[in-house]
Amino acid sequence: MTKQRPLSPWAILRWSVRPKILRNFCSVFYLQLQAEAINAPISDDPSPVPFTVEIGETAVSISNKLVEQGFITNPDLFRLFLRYNGLDASLEAGDYQLRRDMNMREIAAVLQKASFEEVSVTIPEGWRAEQVAELLSQEGIMDGALFLATVRQGTGVEHPLLAGRPAGASLRRLSLPRYVPFAGQRYPGRPDYPDAGQHGSQTAGQCS
């Protein structure tokens, strides 16, 4: 009978420490070393400065923009802070008011909740979807072609008024209130706002 040799401490460490655990340990260690940089603002200037996160923008791009506009100095540290705390996946597109006396923690928290802008449009009763689309484009509220595509396809829209509508059914011939508020980040549905379908339920008057 062969006697097995006991595992050395290094062998035990090699088998027990998985890459993810080691990566997390290194992240914690580095973030602790950089605690002062995370908690210290770049300036004592309390003036509000506009900052915009575009649709589809990544944490890498946002971090670099924060450096370019003078809010932080270390984009890699900010990105690691976001990722370790699970904040990188919940950054919201929209317009913000940041200050240079905010530290990384405060900036990360603010970027989780974008401000919303509301605009209103009155759609005359009996207008066709094509007329509504033209009006929306003329007023700069949203892309009329995108509005028409949403109405015709009947997809990408969720609203209590549409409960019970057959799946995939067109949104044409729906009677909704004449005064329609639009709530969204910046101007939903513009060419630079590709996910405007989620706001489409608030864009129709009576479309035939």
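Please treat every number below as a calculation from the coordinates, not as lab data. Only a predicted model underlies this, so the values are computations on that prediction, with no experimental measurement involved. Cβ sites come from the backbone with ideal geometry, for glycine too, and all protein chains shown count toward neighbours.
Considering region 62-93, and only residues there that are small (Gly, Ala, Ser) and surrounded by 14 or more Cβ atoms within 10 Å (Cβ to Cβ), the residue that is nearest to the chain's Cα centre (by Cα) turns out to be Ala93.
Where in region 41-153 are the strands (runs of 3 or more DSSP E), entirely inside, with at least 1 residues that are under 30 Å from Tyr30 (Cβ atoms) and touching a residue at least 12 places away in the same chain (Cβ under 8 Å)?
Numbers: elements: 48-53, 94-99, 117-122.
Where strands (runs of 3 or more DSSP E) fall fully within region 41-153 and carry at least 1 residues being under 30 Å from Tyr30 (Cβ atoms) and touching a residue at least 12 places away in the same chain (Cβ under 8 Å), they are 48-53, 94-99.
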